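Readers should treat all values here as calculations from the given coordinates under stated rules, not as data from a laboratory. Fair warning: this is a prediction, and the values are worked out from it, not measured in the lab. All Cβ positions, even for glycine, are placed from backbone atoms using ideal geometry, and neighbour counts span all protein chains on display.
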Amino acid sequence: MSIRERLSGNEAIAVAMRQINPDVVAAFPITPSTEIPQYFSQFVANGQVQTEFVAVESEHSAMSACIGAQAAGARTMTATSANGLALMWEMLYIASAMKLPITLSCVNRALSGPLNIHNDHGDSMGARDSGWIQLYSETNQEAYDNLLQAIRIAEHKDVQLPVMVCQDGFITSHAVENIELLEDDKVKGFVGEYKPEHYLLNHKEPIAVGPLDLPVHCFEHKREQAQSIINSKKVILEVAKEFEKLTGRKYEYFEKYNLDDAEIAIVIINSSAGTAKTVVDKLRDNNIKAGLLKIRMFRPFPADEIAEALKNVKALAVMDKAESYSAVGGPVGAEVKSALYGKADGIKVLNYIYGLGGRDVRTDDIEEVYNSLMDTVKTDKIGETYRYVGVRG
């Protein structure tokens, strides 16, 4: 029997961490992720976990400590947001290059400047090419479930890479929702014990970790990283199927919502998918064939699978809660267009930037996007493909 609870997204992540009982957690507080290490530090103080909690002086130090602990052979976790993730930047690349299965909870928040503590995806999207696997979460339940699966994905022998589990700051991190928790023993059984093959504290196998990598080896090293990302696609589905057997909750690379017969659709990430689903239902009630594709796994990017899922759509809007400053659209838009190229070339694709700096995303905004798609289908004219919704002026 699962445990029914009412928790915020941050609480749900902290509870998952307690159930996992990692060897080391190193963290520095930053809004809106501060509650995660705060709640978890209480579990440590109460003796509910045997974790070594390291309170560091910065996020750079937090990731540095995580790298050292994981390299030493300890299962290690952390959490951060926005500027904190940016301060980790150098160490994110080092963690992935050293193939260390660290798990990070990223509570999405706008990057400065100007200073803004509210939600958009500029932080994790900025780290999309750092070599980390990225999972995104629409609800508190998904954030909890994704974190449990992230441990298994990261530590799989064919992957051995860090995983970032993302959720929307304040929108899910602080909002309380009904949630189903697994019993502690089932979580322990699912994640298992961490048994690294190579680690610094193994006196039987002296090794060096993170040495200088000159041209004679560096290219091969990077190719190996890329192969691990490729391998993770299969592992992510295998772990999801095992998780479904345990919980009944099904996860794939993305969720299709009324998409099979859709003529118009949007692609979206995280909590705004819930708002968009409400609009899809309303349009369906009016006999409009609207659909939605919600991306869960952004790294690795499921290009072939997305192209297959969208191949029958006439017009598509990709929604980006981050600006890439490329002058042609956002990061999700670029990935989706690339996925469709040569596989579903007939689709008319619009790219919308929305919700930056915590701007409210209302059903009216989503309806505006769907109305634009209907006009595109009706007139057979696409117009400007790089658009904004919900911005003044």
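Using the eigenvalues of the Cα gyration tensor, what equivalent ellipsoid semi-axes result for the chain when each is taken as the square root of five times the eigenvalue, whole Å, largest first?
Values: eigenvalues 251, 105, 81 Å².
Over the Cα atoms of the chain, the semi-axes work out to 35, 23, 20 Å.
Give the lysines reachable from K222 as a straight Cα distance under 16 Å; neighbours fewer than 8 places away on the same chain don't count.
By straight Cα distance, K222 reaches K99.
Under a cut-off of 12 Å between alpha-carbon atoms, report the aspartates and glutamates in cross-link reach of K378, not counting same-chain residues fewer than 8 places apart.
Excluding near neighbours in sequence, the set is E263.
Could you tell me how many degrees, from 0 to 90 and to the nearest 10, lie between the Cα long axis of helix 35-45 and the main elongation axis, the longest principal axis, of the Cα atoms of the chain?
Roughly 30 degrees between the two axes.
How many angstrom lie between the Cα centre of the range 335-393 and the Cα centre of the range 175-220?
Here the two parts' Cα centres lie 39 Å apart.
Would you please calculate the Kirkwood hydrodynamic radius of the range 1-111 over all C-alpha pairs and express it in Å, rounded to one decimal? Don't skip to the end; give the middle numbers.
Values: mean 1/r = 0.0713 Å⁻¹.
One over the average 1/r among Cα pairs gives 14.0 Å for the range 1-111.
Using only the Cα atoms of the range 315-393, what semi-axes does the equivalent ellipsoid have when each is the square root of 5 times a gyration tensor eigenvalue? Give whole Å, largest first.
Semi-axes, largest first: 20, 16, 10 Å.
P(r) tail for the range 254-388, what percent of Cα pairs lie past 21 Å?
Working: 2986 of 9045 pairs.
Looking at the range 254-388, the distances longer than 21 Å represent 33 percent of pairs.
Report, in degrees rounded to the nearest 10, the 0 to 90 angle that the Cα long axis of helix 272-285 makes with the longest principal axis of the chain.
Relative to the chain, helix 272-285 is tipped by roughly 30 degrees.
So if I restrict to the alpha-carbon atoms in the range 153-199, what is the Rg, and what is Dmax, the biggest pairwise distance, in Å?
Radius of gyration, then largest Cα-Cα span, for the range 153-199: 15.0, 41 Å.
With the cut-off at 15 Å, report for the range 140-220 the share of all Cα pairs above it, as a whole percent. Can you show the working numbers first?
Numbers: 2339 of 3240 pairs.
So the pairs more than 15 Å apart make up 72 percent of the total in the range 140-220.
What pairs in K188/K277; K277/K348; K277/K314; K282/K314 have C-alpha atoms more than 26 Å from each other? Provide the component values of the computation, followed by the final result.
On the way: K188/K277 34 Å; K277/K348 21 Å; K277/K314 19 Å; K282/K314 20 Å.
Violating the 26 Å Cα-Cα cut-off are K188/K277.
For the range 73-81, take each phi angle, set θ = phi - 60°, evaluate the Karplus expression 6.51 cos²θ - 1.76 cosθ + 1.60, and give the result in whole Hz per residue in order, putting x for glycine and proline.
Computed from phi, the couplings for the range 73-81 are x, 9, 6, 10, 9, 7, 8, 6, 8 Hz.
If you put +1 on each Lys and Arg Cβ and -1 on each Asp and Glu Cβ, how big is the dipole of the chain around its Cα centre, in Debye rounded to 20?
Result for the chain is approximately 480 debye, rounded to the nearest 20.
Going by alpha carbons, how many degrees (0 to 90, nearest 10) lie between the helix axis of 59-72 and the longest principal axis of the chain?
Tilt of helix 59-72: around 60 degrees.
Taking +1 at the Cβ of each Lys and Arg and -1 at the Cβ of each Asp and Glu, which of A55, N312, I133 sits farthest along the dipole of the chain towards its positive end, judged by Cα position relative to the Cα centre?
N312
Post the alpha-carbon centroid distance, the range 1-58 to the range 67-97, in whole angstrom.
Rounded to whole Å, the Cα centres lie 16 Å apart.
Which log10 I(q)/I(0) values, to two decimals, does the range 20-65 give at q = 0.19, 0.25, 0.27, 0.29 Å⁻¹ under the Debye formula with one point per Cα?
Each listed q corresponds, in turn, to -0.55, -0.91, -1.01, -1.11.
Can you sort R392, R75 so the residue with the fewest Cβ neighbours within 10 Å comes first? Let's see the in-between values first.
Values: R392 5, R75 24.
Fewest-to-most Cβ neighbours within 10 Å comes out as R392, R75.
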